[in-house]
Amino acid sequence: MVTLEDRALPHTNDPIAYSRAVASSLFDWDTSLGFLPTDYTAAVLADADPSGEETPGLIADVATYLPTVDQWLDLGAMEVRQTLEIDDAYVPESWTAAVQQAHGHLRPGTTAVTITGTRHRSGVWNGESAESSHPVAFTVFVACEPSFDRCQVLRLSQVDNPLR
């Protein structure tokens, strides 16, 4: 039986590896397994900012990454599954300037990691197998040591509107 337990995010202080796991958690899903979008977003929300300060924003961010429940049910009838092929995960050049402009208002250990890759979808359309692939890019904002004992998710950029 397939479970979502293995989707828990890693306990690490490596913002790149952690952000890759966040990306996979949000983009790798299968509508035919009987889970809902909230089942797939649970791992990311479970690792939200422990202070709670960024959590409302993260909840709103995450909601834009997966289909709505109604859309999900429609996609389920077509057995749609999605995966993300990550091409790169890096701290964007603009992050240094953003940290300087924050004048110390960011938690120590806060990092932006931009993910670029290809979103692959497959399913059944009118009885025929169908596939599509589209480039995708976004930024994961995380806080690691020394603010927290391991990386935690703070926010996400809009899909296809990453920091560069």
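The values are calculated or read from the model by the stated rules, or taken from the named source; none is laboratory data. Computed from a predicted model, the values in this text were never measured in an experiment. Neighbour counts run over all protein chains shown; Cβ positions are idealised from the backbone, glycine included.
Where helices (runs of 4 or more DSSP H) sit wholly within segment 24-115, those with at least 3 residues that are more than 22 Å from R155 (Cβ to Cβ) occupy 69-77.
Just one of the numbered conditions (1) closer than 18 Å to D14 by Cβ; (2) out of contact with any strand residue (DSSP E or B) (no Cβ under 9 Å at 6 or more places or on another chain); (3) free of Cβ contacts under 8 Å to residues at least 40 places away in the same chain is not true of P108: (2).
Among the conditions (1) surrounded by fewer than 12 Cβ atoms within 10 Å (Cβ to Cβ); (2) within 26 Å of G109 (Cα to Cα), A143 misses just one, which is (1). Go through segment 108-164 and give me each residue that's charged (D, E, K, R), at pLDDT 95 or above and in contact with a Ser or Thr (Cβ under 9 Å, 6 or more places away or on another chain). Result: R119, R121, E131, R150, R155.
Take the conditions (1) part of a strand (DSSP E or B); (2) closer than 25 Å to A42 by Cβ; (3) of a type in the set (V, I, T); V124 misses just one of them, which is (2).
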